[in-house]
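Single-structure report; data block below.
Bear in mind these aren't lab numbers, they're just calculated from the coordinates by the rules spelled out. Nothing here was measured: the structure is a model prediction, and the numbers come from that model. Neighbour counts run over all protein chains shown; Cβ positions are idealised from the backbone, glycine included.
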């Protein structure tokens, strides 16, 4: 993947790193999705295929937004993308897709589905903190993001956690990014934002002058954004490399 800062701040002097949550720090639980999809579709899936499928879900959202399609309720679009990566192609309204969405939303009401933590995430946040970066969260969420981060053991790393449900603005609205800048007392050029959806995370961050980095584990966004990494474990080395070039 291109490791240049072509879409980010040309000469980065980042003091703060702000994160998205879903698809960046936490993923939908692959085991739960496998259990539900397996029951509806009558098949079993490997853990590796399920992880790749949940990572592909946000690619589907980027593809739709790039094509100018209205997103509307994003659950069918996201879960449809997950199932497509598993080899099942459904249209909105198809009964198997609708049943998977219904069951997964019910599971989500019982316990937040976005609860899967990739290995190495804690260590990366610990290293960034030890190196003096101010860390924060900007999330489009339903009021649960702080509790999600507490349960995952990640909340103590962050100076602030902005949940769109409470602040009244959603990415890519510049307002939520400006609230984060005020909370951190930093200027836009001093901040790198990391997310997984180009049209929501990267465009929103760049719209206020922040640097923007997209996590692209399946390498499916080369035509949308050049500043990408496959996962967070590559971030410390990438930051060191960016700093040495500035």
Review point. For 98, 190, what's the fewest-to-most ordering of other Cβ within 10 Å of each Cβ?
Key: 98, 190
Point to revise | Cα gyration tensor category, rounded, prolate or oblate, for segment 134-246 with a/c compared to 1.5 | key: rounded
Study note, to complete from the structure: Expressed in nanometres to one decimal, the distance between label points 7 Å along Cα→Cβ at residue 63 and residue 147 is 3.3 nm
Study note, to complete from the structure: Fewest-first ordering of 15, 171 by Cβ atoms within 10 Å yields 15, 171
Check your understanding: Is the shape of segment 58-197 rounded, prolate or oblate, going by the alpha carbon gyration tensor and its root eigenvalues a ≥ b ≥ c, with a/c under 1.5 for rounded and a/b larger than b/c for prolate?
Key -> prolate
Exercise for review: Have a look at 201, 142, 163 and tell me which one the Gaussian network model of the chain (Cα, springs below 10 Å) gives the largest fluctuation.
Suggested key: 142
Check your understanding: Quick one: helix 121-130 against the long Cα principal axis of the chain, what's the angle to the nearest 10°, folded into 0 to 90?
Key -> 10 degrees
Check your understanding: Between residue 187 and residue 75, 0.36 nm times their residue separation minus their Cα-Cα distance comes to what?
Key -> 36.9 nm
Review point. Tell me, what is the percent relative contact order of the chain, built from C-alpha pairs under 8 Å that lie six or more residues apart?
Key: 31 percent
Practice item. Return the calculated 222 nm mean residue ellipticity for the chain, to the nearest 500 deg cm²/dmol, obtained by summing -39500 (n - 2.57) across DSSP H runs with n ≥ 4 and dividing by the residue count. Key: -13000 deg cm²/dmol
Study note, to complete from the structure: So residue 178 and residue 155, fully extended at 0.36 nm per residue minus their Cα-Cα distance, gain in nm 6.2 nm
Exercise for review: Express the relative contact order of segment 69-134 as a whole percentage, based on alpha carbon pairs under 8 Å and six or more residues apart in sequence.
Suggested key: 20 percent
**Study point:** Selected from 200, 214, 71 as most flexible by GNM, with the chain as the system and alpha-carbon contacts under 10 Å
**Key:** 71
Exercise for review: Calculate the spin-label point distance for residue 92 paired with residue 13, positioning each point 7 Å from the Cα along the beta-carbon direction, and give it in nanometres.
Suggested key: 4.7 nm
Study note, to complete from the structure: Taking r as the C-beta separation of residue 130 and residue 46 and R0 as 25 Å, the FRET efficiency to the nearest 0.05 is 0.10
Review point. Most exposed first by the Cβ proxy, i.e. fewest other Cβ within 10 Å, how do 105, 84 rank?
Key: 105, 84
Practice item. Before anything else, pin down the relative contact order of segment 28-113: Cα pairs under 8 Å, at least 6 apart, normalised by residue count, whole percent. Key: 30 percent
Review point. Under the classification rounded if a/c is under 1.5, otherwise prolate if a/b is larger than b/c and oblate if not, where does the chain fall, given a ≥ b ≥ c as square roots of the Cα gyration tensor eigenvalues?
Key: prolate
Check your understanding: In degrees between 0 and 90, to the nearest 10, how far off the longest principal axis of the chain does helix 47-66 point, with axes built from Cα atoms?
Key -> 70 degrees
Review point. Build a GNM of the chain with springs between Cα atoms under 10 Å: which of 80, 209, 143 gets the top mean-square fluctuation?
Key: 143
